[in-house]
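One structure is given below, encoded as structure tokens.
Every number here is computed from the coordinates shown, using simple stated rules; none is lab data. The structure displayed is predicted, hence computed values, not measured ones. Because the Cβ atoms are built from the backbone with ideal geometry, glycine has one as well, and the counts that use them run over all protein chains shown.
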Amino acid sequence: MTNSLETKCAPLFASAGYSIQSDAPIVVAYQFKSPENMGHIIRLASNFGCSKVIFIGNELSVRHNKVKKVAGAAAGQVQWLFCAQDSWINHIPSDYTIVALETTENSENIISSTLPKKMALVLGNEIQGLSGEMLAQCTHFYHIPMIGTIKSMNVSHACSVALYEWLRQNLQSEK
């Protein structure tokens, strides 16, 4: 399934010197199980002006009505599609940097790092995170610093932190 309408954030990006088609982040969601999380990711992608959301996994097991209900109007405002694990990368422009939001041995603190201007943000499954095969396709790894006793957060919340940090860095750099 593909929905392809320009996001309503296009004027914001244009005023900051960005082309929504060439500079906007792409969100890649690896084997998500929850239609609620899928809907939240689509909504966030629309909120932050992302060009598309790619869900890697079996589309047949997804309850599209539930995804659309949670995404609300955003389901028609940002392109979203399902891909097999061996073909998702074909939907990423060659000038984009593929980054993982995953705590790994060599991940960097997202707040003190410079995020790529053209970024495909790869998010892991709600329970198992990213597979080794998916991590091998990423060139940069970022984590969100946690100071509390719980060292993880919901994947949609983590996505919002990462997209906000990308937006903060890139809008700030244009001033």
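Pick from 45, 71, 84: which is most flexible by mean-square fluctuation in a GNM of the chain where alpha carbon atoms under 10 Å apart are linked? Of the options given, 84 has the highest mean-square fluctuation.
Counting only DSSP beta bridges whose two residues both lie in the chain, roughly 5 percent are antiparallel. When its C-alpha radius of gyration is set against 2.2 N^0.38 Å (N residues), the chain gives a value of 0.96.
Assuming charge only on the beta carbon of Lys and Arg (+1) and of Asp and Glu (-1), the dipole of the stretch 10-173 about its Cα centre is about 580 debye to the nearest 20.
Relative to a virtual label point 7 Å from the Cα of residue 66 in the Cα→beta-carbon direction, which members of the stretch 122-151 show backbone nitrogen distances below 20 Å? Under 20 Å, as judged by backbone N against the label point of residue 66, lie 124-129 of the stretch 122-151.
DSSP loop chymotrypsin sites (Phe, Trp or Tyr not before Pro) in the stretch 53-130 with at most 14 other Cβ atoms within 10 Å of their Cβ, which ones?
Numbers: sites: 55, 80, 82, 88, 96; in loops: 96.
Qualifying residues, ordered by number: none.
Neighbour counting of Cβ atoms within 10 Å sorts the residues 103, 149, fewest neighbours leading, into 149, 103.
Once every Cα of the stretch 111-175 carries one equal point scatterer and solvent is ignored, give the base-10 log of I(q)/I(0) from the Debye formula at q = 0.21 Å⁻¹, two decimals. Log10 I(q)/I(0), no solvent term: -1.00.
Taking the stretch 74-175, which GluC sites (Glu not before Pro) meet the DSSP loop condition and have no more than 11 other C-beta atoms within 10 Å? Mind showing how you got there, number by number?
Working: sites: 102, 105, 108, 126, 133, 165, 174; in loops: 102, 105, 126, 174.
Taking the stretch 74-175 and a limit of 11 other Cβ atoms within 10 Å, the loop GluC sites (Glu not before Pro) found are 105, 174.
The slack between residue 91 and residue 135, meaning 0.36 nm per residue of separation minus the straight C-alpha distance, is 14.1 nm. Fewest neighbouring Cβ atoms within 10 Å first, the residues 112, 107, 34 line up as 112, 107, 34. With helices defined as uninterrupted DSSP H runs, which ones in the chain have an alpha carbon span along their own long axis of at least 15 Å and mean Kyte-Doolittle hydropathy of at least -1.0? Helices passing the filter in the chain: 35-47, 155-173. Cross-link partners for residue 151 among the aspartates and glutamates, with Cα-Cα distance under 20 Å and sequence neighbours closer than 8 places in the same chain left out: 102, 105, 108, 126, 165.
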